Amino acid sequence: LYMFKVYFDKISICISSTRDDTLHKMYPFRISTESDIIGFVTNLQDDKFDGDIALYGLDAKIIFRYLASRFINIEAAGGVVTNTNDSFLIIKRLGIWDLPKGKVESNESYKEAAIREVCEETGITSVQIVGDLPNTFHIYRRKKKWYLKKTSWYKMINRNDEKLIPQTAEDISDATWMNKTDARNAISKSYRSIREELGYIVGL
């Protein structure tokens with residue numbers, strides 16, 4: 001099985017040490033040296049791939065380290081938040097349903113950043129971490145620079161009945177509590193990394 005999954009637009013890049021039969025529907029790209037990663041990244045940035053990709057050949061951690069070295073690395077953190085009614089806290093950013101998250105500041109731990117970002121983006125004043133969730137990774141381009149963002153996710157609970165205030169300065173137009181059915185429907189239209197890496201774990 002893959003050890004790392006990195007998303008780029010609608011493409012997933014699965015990184016494993018060996019070519020696995022479970023990845024047979026993906027485009028196989030063998031990595032033997034660091035120069036192979038350079039070639040792969042060039043093709044990726046030139047939109048040469050139109051489907052999911054399997055990177056394999058070296059130890060998965062080495063492949064991932066080579067890949068990460070080709071991008072500006074960003075650290076972020078966020079939360080899958082429920083309340084005492086088992087509703088989920090969902091935001092709409094730039095017209096897309098999403099989960100609250102943001103960049104980790106230099107003086108923060110991942111958990112501190114996740115709590116701060118959830119509160120800032122939704123207007124709630126308190127939230128408690130009750131568990132860890134998988135990290136997500138995605139590649140994106142902004143102002144001619146290429147980034148690889150790692151987001152550390154946490155399962156959280158908000159026990160106060162508070163008015164939600166979307167952080168419009170961060171392009172968030174809505175923050176709302178949704179029951180599981182509505183949240184599942186919203187997340188089904190969200191980013192693939194959210195759907196695949198977080199949604200099924202928390203039952204969405």
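Some observations on this one:
- Whole-Å distance, taken between Cα centres, linking the range 84-106 and the range 137-176: 5 Å
- Sequence of Phe8, Phe29 when ordered by accessible area, the most exposed leading, probe 1.4 angstrom: Phe29, Phe8
- Around the Cα centre of the chain, unit charges on the Cβ atoms of Lys, Arg, Asp and Glu (plus for the first two, minus for the last two) sum to a dipole of about 380 debye.
- Ser126-His24 pseudo-label distance in nm [points 7 Å out on the Cα-to-Cβ vector]: 5.5 nm
- The range 41-131 - convex hull of alpha carbons, volume per residue in Å³: 181 Å³
- Surface accessible to a 1.4 Å probe, per residue, for the residues of the range 1-76, Å²: 56 Å²
- When the residues Met178, Met156 are ordered by accessible surface, computed with a 1.4 Å probe over the protein chains alone, the sequence from largest down reads Met178, Met156.
- Inter-label distance, nm, simple model (7 Å from Cα along the C-beta direction), Thr84/Asp9: 4.7 nm
- Backbone geometry of the range 143-159 corresponds, through the Karplus equation with coefficients 6.51, -1.76 and 1.60 at θ = phi - 60°, to 3J(HN,Hα) couplings of 6, 6, 10, 10, 10, 10, 9, 9, 10, 8, 10, 9, 7, 10, 9, 10, 9 Hz, x marking Gly and Pro.
- Estimated distance in nm for a label pair at Glu162 and Asp46, the labels positioned 7 Å out from Cα along Cα-to-Cβ: 5.0 nm
- Dipole in debye (nearest 20) - the range 1-53, about Cα centre, beta carbon charges: Lys, Arg +1; Asp, Glu -1: 140 debye
- Annotation: aspartates and glutamates with alpha-carbon distance below 13 angstrom to Lys10 (same-chain offsets under eight excluded): Asp47, Asp50, Asp52, Glu196.
- All-pairs alpha carbon distance profile, the chain, 10 Å steps from 0, percent: 8, 33, 32, 20, 6, 0
- DSSP-assigned coil residues among trypsin sites (Lys or Arg not before Pro) in the range 126-176, each with at most 14 further Cβ atoms within 10 Å: Lys143, Lys144, Arg159, Lys163
- A 1.4 Å probe over all protein chains sorts Arg30, Arg195, Arg93 by accessible area into Arg30, Arg195, Arg93, starting with the largest.
The values are calculated or read from the model by the stated rules, or taken from the named source; none is laboratory data. From a predicted model like this one, the values you see are computed outputs, not experimental measurements. With ideal geometry, Cβ positions are generated from the backbone for all residues, glycine too; neighbour counts draw on all protein chains shown. To get the accessible areas, we keep the full protein, side chains included, count just its heavy atoms, and leave off ligands, DNA and RNA. Shrake-Rupley method; radii C 1.70, N 1.55, O 1.52, S 1.80 Å.
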